[in-house]
Each structure stands twice: as structure tokens, then as C-alpha cells.
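As C-alpha cells, the structure follows; a few thoughts come after it.
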Amino acid sequence: MADDDTFIREVNEEIRKEQAKAIWDRYGPILIGLALFVVLATSAYVGYRYWDESRANTSGDAYSQALRLANEGKEDDALAALAEIEKSGYGAYPVLARMRSATVKADKGDVATAVSELDAVAADGSIPQSLRDMARLRAALLLVDTGSYADVSSRVEALAVDGNALRHSAREALGLSAWKEGKAADALKLFEQIVADQAAPQNVRQRATLMSELIRGSGGAS
């Protein structure tokens, strides 16, 4: 009986070996191919991540350097550095460089060129909407001092609606422009909207509170 059991186990073992060999002969190359594909795909993904992060870090460092130059008052050097990032930067940095370049030009007194360049960013459909909206806001803020209420409104009125992340700054730009143009009642309404908005940044609410008090104190909104 023991010999029979041993014989049966040996037969079963041989059958399993034959089955395993048949399966390997049939599917082995496919399994090897899949394993190689997984290894190559993983290597390609890791390589791409490294390449992507390296380019982003390089552009980020260059952008930080350009900002440092601008903050140090080296405006021409900053503009040259930003122009290079516009040409060869990676990710969002070329757009950020365009916008920062416009700000530097405004600081140099060329507000008209700055507004024109920001308007060009805002009109570029290939740029993410959040950056386009930021360009509109920056142009409007520049125009508070140099343009009309209509100029400011045409750029940020659509941003001043409830739910828009930039509504607080957009309302502030509109309110300042309205106040400057003698539209005290309109200005007061905008500043009161900011004060009442609990989501507004504290510094923006403080400025809006001061402007509201100033307008009421002047009697211009009655």
C-alpha cells in the first residue's frame, strides 16, 4: 500500500510538472514580455518625473533670481532675466515671467506697455484661466491710478461676483476707481461688500473698512 501511495504521488508530481511546463511553454514569453514592459514603463515614468522636476526647479530658481534683481532695483537686469524665462522656461514660469515683466515696466513708469502686456496674457486662450484672471486683476489695479472706471470695470467686473476667488481684490479695485471718479455711492457699496464677506483677507477688509468710513465721513454717498 505504501509503495502504491508513493507511486501515485510520483505520477501526480510528474503530471504537475508536465502541466507547469506546458503552461510555461505557452505563456512564458508573454509573462516575460509583460514583466519587461512593467520594468521599462516604470523606468520611463521615473525618468520623466526626474526630468520634469529638474526643468521646473531650474525655471523656479531663474524666476527667483529675476525677482531678487527686481526687488534690488536692478530693473533692466530683471527684465533681461524674465525675457529669458519667457523663451526657455518650463511649466507656468514663462507666463509668470510675462506678468512680472509687465509689473517691472509699470514700476519704471511705462504703465501703458504694462497694461497692454497683461491684457495680452488675459486674452491668450492657451493660458490657464486662473493666470488669465490674475493678469486682468493686475491690469485693473494699474488702471485705478491711470485709467477710468470703465477701464477698470471692463477687466474685473466679471471677477467681482460671489464665489470668485479674486472677488475681494476685484471689488477693491472697482471701489477705488469709483471713488476716484466721484461715484461715492457705488464705491461705498463695493467696500461694504468686502467688509461683509467673512472670507475676505483681513488686510483687505481693514482697508475696505477705512474706505467705507472715509466715504461716509465725507458725506459723498448720502
Revision key, fill the gap. A correct Karplus calculation of ³J(HN,Hα) over the stretch 133-144, with 6.51 cos²θ - 1.76 cosθ + 1.60, θ = phi - 60°, whole Hz and x for Gly and Pro, returns 5, 5, 5, 4, 5, 5, 4, 5, 5, 5, 7, 4
Study note, to complete from the structure: For E181 the rounded accessible area (nearest 10 Å², probe 1.4 Å, non-protein molecules ignored) is 90
Check your understanding: Extension gain A44-D76, at 0.36 nm per residue separation less the Cα-Cα distance, in nm?
Key -> 7.4 nm
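Need the full-extension length gain, E84 to R216, defined as separation in residues times 0.36 nm minus the C-alpha distance. One decimal, nm. Don't skip to the answer; put the middle values down first.
Values: separation 132, 0.36 × 132 = 47.52 nm, distance 4.91 nm.
My answer for the length gained is 42.6 nm.
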**Study point:** Ranked by how many other beta carbons lie within 10 Å on average, peptides 158-168, 133-143, 60-70, 92-102 from highest
**Key:** 133-143, 92-102, 60-70, 158-168
Study note, to complete from the structure: Expressed in nanometres to one decimal, the distance between label points 7 Å along Cα→Cβ at S64 and A196 is 4.4
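Order T42, T103 by their accessible area, 1.4 angstrom probe, all chains in place, largest first. Intermediate values should be presented prior to the final figure.
Values: T42 75, T103 35 Å².
From most accessible down to least: T42, T103.
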Check your understanding: Using a ≥ b ≥ c from the Cα gyration tensor of the stretch 59-163 (square roots of the eigenvalues), is it rounded, prolate or oblate, where a/c under 1.5 gives rounded and otherwise the larger of a/b and b/c decides, a/b for prolate?
Key -> oblate
Check your understanding: Of N164, V195, M134, which is farthest along the charge dipole of the stretch 114-222 in the positive direction, counting Lys and Arg as +1 and Asp and Glu as -1 at C-beta?
Key -> V195
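Determine the sum of side-chain charges near E117: Lys and Arg each +1, Asp and Glu each -1, restricted to other residues whose C-beta is under 14 angstrom from that of E117. Show your work: numbers first, answer last.
Details: positive: R98, R100, K105, K108, R132, R136, R138, R155; negative: E86, D107, D110, D119, D124.
Residues close to E117 contribute a combined charge of +3.
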Review point. Taking the Cβ of L159 as the center, what net charge do the other residues with Cβ under 9 Å away carry, scoring Lys and Arg +1 and Asp and Glu -1?
Key: +2
Revision key, fill the gap. Quick numbers on the stretch 152-197, Rg and Dmax over C-alpha atoms in Å, give 9.6, 28
Practice item. Report, in whole Å, the centroid distance computed from the Cα atoms of the stretch 80-97 and the stretch 137-199. Key: 30
Review point. For the stretch 183-193, what does the Karplus curve 6.51 cos²θ - 1.76 cosθ + 1.60, with θ = phi - 60°, yield as ³J(HN,Hα) per residue in whole Hz, taken in order and with x for Gly and Pro?
Key: 8, 4, 4, 5, 4, 4, 4, 5, 5, 5, 4
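Can you bin the stretch 123-190 into rounded, prolate or oblate? Criterion: square roots of the alpha carbon gyration tensor eigenvalues sorted a ≥ b ≥ c, rounded for a/c under 1.5, prolate for a/b above b/c, oblate for the rest. List each step's numbers first, then the result.
Numbers: a/c = 2.87, a/b = 1.62, b/c = 1.77.
Judged from the Cα gyration tensor, the stretch 123-190 comes out oblate (a/c at least 1.5, b/c at or above a/b).
Given a Förster radius of 22 Å and the C-beta distance between D151 and K108 as r, what FRET efficiency does 1/(1 + (r/R0)^6) yield to the nearest 0.05? Don't skip to the end; give the middle numbers.
Working: r = 21 Å, r/R0 = 0.93.
The value I calculate is 0.60.
The values are calculated or read from the model by the stated rules, or taken from the named source; none is laboratory data. Please read all numbers here as calculations on a predicted model, not as lab measurements. Positions of Cβ are generated from backbone atoms using ideal geometry, with glycine treated the same way; all protein chains shown enter the neighbour counts. Accessible surface is based on the protein model in full, side chains and every heavy atom, while ligands, DNA and RNA are left aside. Shrake-Rupley method; radii C 1.70, N 1.55, O 1.52, S 1.80 Å.
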